[in-house]
1. When the stretch 6-42 is examined, which residues are found to be charged (D, E, K, R) and either farther than 13 Å from LEU66 by Cα or in contact with a helix residue (DSSP H, G or I) (Cβ under 6 Å, 6 or more places away or on another chain) (or both)?
2. If I ask for residues that are among the β-branched types (Val, Ile, Thr) and without any contact (Cβ under 8 Å) to a residue 12 or more places away in the chain, which ones from the stretch 48-65 would you list?
Amino acid sequence: LPDRHFRGYILFVRAFKKTLQKSFTNDEMDELELLFKQFSEYYELEIYQLRYSRLRACLPVFHAILHIAEYTRRLGPLFASSQFPMERAI
């Protein structure tokens, strides 16, 4: 894995690992938002490459992760609003 892709992957992992916390300070929420933005910038420049021919790489989920920090601020930690308990009950 080229170093630039490894660094992008690490941004992604660090951001999602932070979402598993049970509580957040305002500074941690700011850091979470920054990590997701940095990953998004990496993805746009290195994977999508801002080229029409690579538009199929822009799945909606890559836009949705930009909203995770915002909704975590509104609704609390993700474990409290996770769909997993419902899926396990089905």
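1. Within the stretch 6-42, ARG7, ARG14, LYS17, LYS18, LYS22, ASP27, GLU28, GLU33 meet the criteria.
2. Selection gives VAL61 alone.
Rule-based calculations on the coordinates, nothing more; no lab input. Not measured: the values here are computed from a predicted model. Glycine also receives a Cβ, built like all others from the backbone with ideal geometry; neighbour counts cover every protein chain displayed.
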